[in-house]
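What follows is a short report on a single structure.
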Amino acid sequence: QVQLVESGGGLVQPGGSLRLSCAASGTFISINDMDWYRQAPGKQRELVTTITNSGGTNYADSVKGRFTISRDTAKNTVYLQMNSLKPEDTAVYYCHAEIRMKVAFREGTYSYWGQGTQVTVSS
């Protein structure tokens with residue numbers, strides 16, 4: 001019923017920039033928090049940044065000052081601007097959203113994940 005579609009990943013040199021997008025489509029009442037996670041090979045998935053429905057944000061220490069999360073409510077889209085990229089930023093990046101919707105005639109809040117997009121930072 002709801003799908004999160006990511007785009008914007010790719011190969012970039014150290015110090016470069018990328019902007020990831022994640023758009024929600026389908027039938028839902030509203031979107032609450034939206035997040036970006038990442039998972040590097042052999043590593044656990046980690047939370048990178050979160051933006052609340054009121055616009056508040058938080059960032060992992062490893063990306064603070066380099067990454068910026070934003071959202072466009074009208075487009076049901078969250079963005080991740082990544083600057084000054086480092087090789088250790090290489091990972092699959094996943095968007096996540098808490099979505100208010102009806103499932104089986106019941107209204108509730110449900111978690112949805114994007115398909116993941118590869119970000120590779122290498123010379």
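Would you kindly give the portion of the calculated P(r) for the stretch 34-73 that falls above 17 Å, as a percent of all Cα pairs? Working shown, then result.
Values: 252 of 780 pairs.
In whole percent, the long-distance tail amounts to 32.
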By average C-beta atoms within 10 angstrom, highest first, the peptides 107-120, 44-57, 86-99: 86-99, 107-120, 44-57
Distant-in-sequence amide H partners of G16 (H built 1.01 Å from N, under 5 Å): L85
Using θ = phi - 60° and Karplus 6.51 cos²θ - 1.76 cosθ + 1.60, couplings along the stretch 9-16 (whole Hz; Gly, Pro as x): x, x, 9, 9, 7, x, x, x
Antiparallel DSSP beta bridges within the chain, percent to nearest 5: 90
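Any read-out appearing in this document is the output of simple, stated calculations on the displayed coordinates, not a laboratory observation. Since the structure is predicted, the reported quantities are computational estimates derived from the model, not experimental observations. Cβ: placed from backbone, ideal geometry, glycine included. Neighbour counts: every protein chain shown.
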